[in-house]
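Inspection log for the structure reproduced underneath, given as structure tokens.
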Amino acid sequence: MDAFNGYNGTVFCYGQTGSGKTFTMMGADIDNDDLKGIIPRIVEGVFSKIIESPPTVEYMVKASYMEIYMERIRDLLNPEEANLPVHEDKANGVYVKGLMEVFVSSIDEVYQVMRQGAKNRVVGYTNMNAESSRSHSIFQITIEQKDTVSGKTKMGRLFLVDLAGSEKVGKTGATGQTLEEAKKINKSLSALGMVINALTDGKSTHIPYRDSKLTRILQESLGGNSRTTLIINCSPSSFNAAETVSTLRFGVRAKSIKNKAKINQDFSPAELKLMLKKARSQCVSFQTYITALEGEVRIWRTGGTVDSENFVTWDKVVKDKPPAPQGPMTPSAKSNAVRAAGSSTPRSGTTSRHSVSAGAGNAALPQSPTPTGARVGSPTPTLLHESLMSELGSRSGSPTIVMSEDEREEFLRRENELNDAVAEKDQELQASARECEMMREELEFLRNESQNGIQRNEELGTEVSQLRLDLEKVNFGYKEAMITVDSLTDANKEITSELEKARHELELLRRDVTEDSAANKEKERAARVAAMLNGMDSTKAISRHEAGMGDLLRSLVEAGDDDSKKVEMIMQARRELDEARDAAQEKDAVIAELRQKNSDLQTQCTDIDSKYEKLLAEYEEMLEQSIVAEEQQSSRDSETINDLKQKLEAHYNNKISSQKAQLDSIQGDLQRRQDEVTKSSAMVRELRAENRELQTKIEALEEKASKAEALGNEGAGMGAGNGDVTAATEHAQRKEREMQVMRRDMAQRILEYDTMRKSLMRDVQNRCEKIIELEMALDDARSQISQLSRRVSNPNQPQRMQLLEKNVAQLTLMQKELVVQNTDLKKEVALSERKLLARNERITYLEHRLQDCNNQVEAWKRKAEELQAMRSHESSRSAQPNSGNVLRFSRIAKPMRGGGGSGAVAPAAVAEEKTSRTSGGFFGWGAS
Ligand SMILES: Nc1ncnc2c1ncn2[C@@H]1O[C@H](COP(=O)(O)OP(=O)(O)OP(=O)(O)O)[C@@H](O)[C@H]1O
């Protein structure tokens, strides 16, 4: 363990990809003793060594883990730091500025650091390795030790490097980012090869460490202050033979590099004092030598000569003066020596082949002589003149740009500044790139969102237009339906008006028919009355009676003097007259009875008329009701037309049958009345005939009486005896008076009879008229009944009824359809309205969502800005020492003391113990 002796050490693996470099360095499993790699084993070794160390030695172990990815140094323990600059100065040599170094006090802590770093490493898939390292990883362990007795300190650094594998892109199949990675890997590996070539070819005056970050960091490990171990990993497959050969050649070349490892130690005060003393003595010697030389020069300048024996030489001066102290050079002396050496060669003798002489061009930059000014290499004093001589000797004949120490420091300072600036710019660039990336992502996201929004909008627009279309369709359908409804309503109205018209026409026809029939009836009535009255001519009857009376009178006259005969005849006439009177009285009674009957008939007729009117009204009403019912039936589905029809038919049939029965009874009554009237007419005729006979007889008697009077007058004048004549005359006068009385009586009676006859005739006429009217009403009723029965039994009627029913059914159907359509349309309209309402709500909701999305986008933007601000704040914070990360606790120095060889103590326990023991701090970095 040279690191414990103050040497820098490097172990690195080189080989093609997939050849097992990571397996070698880190191992497959650090917790598995068999599978853990070199690094865990070294870590274990370090802590074992600490345990074995004497307890007077205090140790401080630090670990850092970085990777060089795409020519950028990333801190694997603080991945935010992705582009750390490489610095070089006198105190620290070449180092990575800002790299997190974690104090560790146990193996576990180191493992934790390793795991933490391994988590952040960039690996990728290639055809050659599923988990190919896409970066060079450098695990660095710094062991600082202090001998608490002598105060001497040493520091050893271990670089454990797992290089990324060299790869042939054709074999690995790298594309895209992997290809870019491969290019960078190969570039840095070729830079490593160039450095090794330059270090080994013996001709190069310039070692191109700065060509890559890898060679720059490993500068000390490659021909510098480091004891370096290179592990060559080769693939056993013949498929990789060419790469294996190349790798082996690389190894062969690298093998010949000679490093100049030195112990990095700080001197103790005693040593420093001694060195100071020596330096002062040397200074005095130098002053003496210079003074002597100046004296000789003055002699030469003044034209004098000095013998060669008297030449001032160092030996003489040294002889004259007390000898300079041998030992470590003082810092100032060392500084002077280094300055004098022009920082050209680390040390002569050991690495002359690799010494970097400032070669041609500006590429000949000085190589760092030692990592630190205070920490020098082996404590071999280097004298100025020796360095000078050596320099002169080695560089004679070649133009050498010698850079002074100040110039070199200035150069390094400037380089560091520039590196910082570059790193800063690179970081800014990275931040900008990240920001750009974020912005791009955000933009992409917003674009996507916008696209989605637009798409959603379009979808919604399509939906809305579809809905509008649907609504239009529904509206159109509704309008169409309304038009259909209107047209059907119009049709209905038309049909209704046609029906009304038909009814009206029917009514008109009926009226015409009624009027015609009324006119006909009137004529018929007149004819009938005339016919009826024909048989009842009063004048004729009276004349017949008068004729009868005349005949009687004539027979009386003819009887002459036969008074007995006359008396008999008169008596006969009287009897006849009485009989006639009786008969007339009977006739009067019959007439009165007939009148009564007529009035009854009239009443019956009136009743029948009223019944008929009522029936007609009922029929009309029923017809109306049936039509209305039929019309209403369309809206009601409860009754069917057939039922109604049957009901109506039954009702009509009942009505008609009852009417028929009534009519039959009326006809019977009428017939009886007619018979009675006929009989009465016959009796009247007979009475008239008798009356005529009586009149005839009375006339005859009157004639006889007049003749008898005339004869009496003649007998009185000429005859014998006045008594008889007088008596006869008196008798005749009496008879005459009686006759006159009788005549007057007869005339009176005749007048009465005539009046009675006239009134009777009027009455009869009226009755006949009534009868005729009744007959005509009966005929009308019959015709109506027949019409009804015809209507009922009319063969066309069912068709008409069917047609009407069909029409009604069609209308009902249409109305139903319309109602259904209307209902459906109303429903559809309501549904569409609801849908529209729902769509509108949906649109509103989506608009709100869109608004919400926009708000969210705005909020995200704000959050992203805040996040960005927080990130920048965090990064600025993390740039500060002890900034937060998971291993923050490990930033506290954990000095340990050697375990004094007690292997039984576990490193962690030891560390803990040491920590507690050295809580006062080490190098001033204690727990404070
Ligand atoms: N000696 C070995 N024994 C068993 N497995 C091994 C050995 N060497 C390598 N492997 C396996 O080979 C595979 C590749 O190894 P590894 O990742 O170490 O290669 P690499 O050289 O680091 O590759 P790269 O340069 O691409 O990172 C791993 O799965 C590893 O476990």
Distance in nm between label sites at Ser238 and Asp512, each 7 Å beyond Cα in the beta-carbon direction? 12.9 nm
Cβ-defined net charge surrounding Ile38, 12 Å radius [Lys, Arg +1; Asp, Glu -1]: +1
In Å², nearest 10: area of Ile185 left accessible to a 1.4 Å probe: 10 Å²
Extension gain Asp31-Arg434, at 0.36 nm per residue separation less the Cα-Cα distance, in nm? 141.4 nm
With label points built 7 Å along Cα→Cβ from the Cα atoms of Asp675 and Leu831, find their separation and express it in nm. 7.8 nm
Note: Asn653 to Ser150 extended length (0.36 nm per residue) minus current alpha-carbon separation gives 166.1 nm
Can you pull the accessible area of Trp860 for me, 1.4 Å probe, Å² to the nearest 10? 110 Å²
Would you calculate the separation in nanometres between label points at Arg468 and Val422, each defined as 7 Å from the Cα along the Cα-to-beta-carbon direction? 6.4 nm
Give me the 1.4 Å probe accessible area per residue for the stretch 44-125, excluding ligands and nucleic acids, in Å². 33 Å²
Label-reachable residues, the stretch 189-206, where backbone N falls under 11 Å from a point 7 Å from Ser256's Cα toward its Cβ: 197-203
Accessible-area value, Lys479, 1.4 Å probe, nucleic acids and ligands omitted, Å²: 130 Å²
Protein chains only, probe 1.4 Å: how do Glu181, Glu294 rank by accessible area, largest first? Glu294, Glu181
Provide the gained length on full extension for the span Ala502 to Ser281, in nm with one decimal, where the gain is 0.36 nm per separating residue minus the Cα-Cα distance. 63.9 nm
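The values are calculated or read from the model by the stated rules, or taken from the named source; none is laboratory data. All values reported here derive from a predicted model rather than from experimental measurement. Cβ: placed from backbone, ideal geometry, glycine included. Neighbour counts: every protein chain shown. The accessibility values were calculated without ligands, DNA or RNA, using every heavy atom of the protein model including side chains. Shrake-Rupley method; radii C 1.70, N 1.55, O 1.52, S 1.80 Å.
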